[in-house]
Amino acid sequence: MKEIKIVKLRSTVSVSVTGTVCQLNCKHCGRHYLEDMVPINRIDEIPPSIKSILVSGGSKKNGEVPLSEHKEEIESLKKRFRLNFHTGLIQDDISVLKLADAISFDFVGDDDVIKKVYNLNARVEDYVRSLEILMKITDRVYPHITIGLDCGKIGHEYKAIDILSRYELKKVVFLVFIPTPRTVFEKCQPPEIEEIKSVFSYAREKFKCELNLGCMYPKGNLRDQIVEAAVENGFNTLTQISEKMIDSLQKREFNLIFQDECCIF
């Protein structure tokens, strides 16, 4: 019987070390998602029912999330929760990352996409260098690939998969571009489902590790189609899926394991 982990997020919250500030102001995000995070100066308000924290935030102009500047607050969080760090590019002091129970690292496989989407003067080789630094800290580094990152167009994904497949990874997480209000890309469309299926199929062919469908992907009818594509391509974990899809999987006699924390745990 095929086993699939189903994540219903209830016990992980996101904390921003920069509040709503981001010096890059990326075209797909526009600081929008920072607004839903708990500011680092309000961590005392996190309820005791929470089990884990995604420690994230806006980026500096060099692509780094300034985690080390908030080491004391992060050490305080570590006493209460498991920590998943969203690092950005690695530039300076990384000692705080020794507190990580997991590290999430957005990986982009094309120089032009990095510049266009992130407004960042960096190259794929900088992402590779950062990944290798992180993998020396822990083997719990989980690269994230966003399908359609470039205004819904497919471009960097296959290159990213090719590069990452050279490494011994435990999990790779896939996300799908969401047109987000008040961003430069708000009028862009998500990739077509056939394009998403093709990327999923290529990923399953290239990777020997677990594949996760993360929490960031479009809602509506496309959402169920994306989930079905992930199932067809042997994904191990599905996040925030509909009750309709849960019923469908149960009827097909999948062994569903439920989890209420971030998919990388």
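The values are calculated or read from the model by the stated rules, or taken from the named source; none is laboratory data. Just so it is clear, the model here is predicted, and its values are computed rather than measured. Glycine also receives a Cβ, built like all others from the backbone with ideal geometry; neighbour counts cover every protein chain displayed. Quick note on the areas: whole protein, heavy atoms, side chains included, nothing else; ligands and nucleic acids left out. Shrake-Rupley method; radii C 1.70, N 1.55, O 1.52, S 1.80 Å.
Within the group Y142, Y127, which residue is under 14 Å from the mean Cα position of the chain (by Cα) and either modelled with pLDDT of 95 or more or under 20 Å from C262 (Cβ atoms) (or both)? It is Y142.
Flag: I6 does not match the condition of being assigned to a helix (DSSP H, G or I) and over 24 Å from N119 (Cα atoms). The set of residues in segment 156-169 that are part of a loop (DSSP other than H, G, I, E, B) and surrounded by fewer than 18 Cβ atoms within 10 Å (Cβ to Cβ) comprises S165, R166, Y167, E168.
Just for segment 30-55: of the residues that are in a loop (DSSP other than H, G, I, E, B) and within 18 Å of the chain's Cα centre (by Cα), which one is nearest to R80 (Cα to Cα)? If we take residues in segment 30-55 being in a loop (DSSP other than H, G, I, E, B) and within 18 Å of the chain's Cα centre (by Cα), then M37 is nearest to R80 (Cα to Cα).
Number of residues in segment 95-127 that are in contact with a His (Cβ under 7 Å, 6 or more places away or on another chain) and either in a helix (DSSP H, G or I) or open to solvent by 40 Å² or more (accessible area, probe 1.4 Å) (or both): the value is 3.
Is it the case that segment 174-188 has a residue that's open to solvent by 10 Å² or more (accessible area, probe 1.4 Å), in a helix (DSSP H, G or I), free of Cβ contacts under 8 Å to residues at least 60 places away in the same chain and of a type outside the set (K, R)? No, the conditions are met nowhere in segment 174-188.
Could you tell me whether S76 is surrounded by fewer than 18 Cβ atoms within 10 Å (Cβ to Cβ) and out of contact with any helix residue (DSSP H, G or I) (no Cβ under 6 Å at 6 or more places or on another chain)? Here the answer is yes, as S76 does meet what is asked.
Residues are listed down the side, and each one gets a yes or a no for (1) closer than 24 Å to R82 by Cβ; (2) modelled with pLDDT under 95; (3) open to solvent by 70 Å² or more (accessible area, probe 1.4 Å); (4) not in a strand (DSSP E or B):
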| residue | (1), (2), (3), (4) |
| --- | --- |
| S198 | no, no, no, yes |
| K208 | no, no, yes, yes |
| L222 | no, no, no, yes |
| E228 | no, no, no, yes |
| F235 | yes, no, no, yes |
| I246 | no, no, no, yes |
| L249 | no, no, no, yes |
| E253 | no, yes, yes, yes |
| C263 | yes, no, no, yes |
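Does Y167 satisfy the criteria of being in contact with a helix residue (DSSP H, G or I) (Cβ under 8 Å, 6 or more places away or on another chain), of a type in the set (F, W, Y) and under 19 Å from F85 (Cβ atoms)? Yes.
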